[in-house]
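The values are calculated or read from the model by the stated rules, or taken from the named source; none is laboratory data. For clarity, every value in this text was computed on a predicted model and none was experimentally measured. Note: ideal-geometry Cβ built from the backbone for every residue, glycine included; neighbour counts use all protein chains shown. Protein only, heavy atoms only, side chains kept; ligands, DNA and RNA dropped before computing areas. Shrake-Rupley method; radii C 1.70, N 1.55, O 1.52, S 1.80 Å.
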Amino acid sequence: MIIKASLKRENLILLVVILLAFIFPLNSFGQSIKKDSTKTLSSFLKKGELEFNSRTFFMSTLNEGSNRDYFALANGIGVDYTTANFHGFHFKIGGYFTFRLAEYNLVDSDTKEWANNRYEKALFDIKSPNIRNPIAGLEEVYLAYRHKGLSLKLGSQIHQTPLLNKNTNRMRPNLFQGLNVNYELKKLKLSGAWFLSESVRGTTNTYSSSSSFGVYGQGLHPSGEVNNYRGHISTLGIGVFGAQYNLENWKAQA
């Protein structure tokens, strides 16, 4: 079997990350990133953490009567590299490959577009029904800083709150691009984030905050007409702010 993949920027960066796994000795993997390493670039990189992960996902929809049934099988392989701390700073870069292993009834044989399927197609790219090559892309790529109770994260990142979250019930998570700040003071934790764009789960694209509305679908009016808000929303970004207070037996969050 011959697998073809275009050498896009994301593929090239991901290749560099994977090569780091074989350039440095295995005994350097998994070491703590809490201590500064300042002597040489080589020792600094060796004290970073390299993490591999794999996910296999099978989904199936069985409908009654003459309605179509669907299934899909996907496999994903990811790698993340996090540097050691340097005066409170560290950098993380990660990427993934998704393989479209098997499916049934997902693509209409006549139109070559997705069939009337809601769930299984999101294992792949809902905007590209005919991509059969492995799907490659970047995931978390950010610069972070921590000092005492203050932590900052700038770049493409997973953000896990009740409002915005990674939503990992497919192959890839939602990823948000922007600045995230947290401050912890004993029992009180304050957080604030401002995101300018989002890598939407079930796609290989990054959308501005305004264009991320309507990616999956726009829904219907009570009259049955299709909504038409895609491309008609203007925003400077998405702000998420929170406070959390913890006691021994209870927690309050807003």
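Points to keep in mind about this one:
- Length released on extending from Phe89 to Ser151, taking residue separation times 0.36 nm less the Cα-Cα span: 21.3 nm
- Excluding ligands, DNA and RNA, the accessible surface per residue across the stretch 79-169 is 52 Å² with a 1.4 Å probe.
- Partner aspartates and glutamates for Lys121 [C-alpha distance under 14 Å; skip if fewer than 8 residues away on the same chain]: Asp69, Glu103, Asp108, Glu113
- Restraint check, Lys92/Lys189; Lys92/Lys186; Lys47/Lys166; Lys46/Lys148; Lys153/Lys251, Cα-Cα greater than 30 Å: none
- For the stretch 192-254, applying the loop criterion from DSSP together with a ceiling of 13 other beta carbons within 10 Å to the GluC sites (Glu not before Pro) yields Glu225, Glu248.
- Ordered from highest to lowest accessible area with the whole protein assembly present and a 1.4 Å probe, Leu247, Leu196 read as Leu196, Leu247.
- Inter-site label distance for Thr161 and Lys112 at 7 Å from Cα along Cβ, in nm: 4.3 nm
- Additional length obtainable on full extension of the chain from Asn227 to Asn63, 0.36 nm per residue less Cα span: 56.3 nm
- Cβ-Cβ distance of Leu101 and Tyr183, R₀ of 25 Å, FRET efficiency by 1/(1 + (r/R0)^6): the value works out to about 0.05.
- Karplus-derived 3J(HN,Hα), 6.51/-1.76/1.60, for each residue of the stretch 157-166, Hz, glycine and proline x: 8, 7, 10, 10, 9, x, 8, 10, 7, 6
- For Glu51 and Gln218, a Förster radius of 41 Å and the Cβ-Cβ distance give a FRET efficiency of 0.60, rounded to the nearest 0.05.
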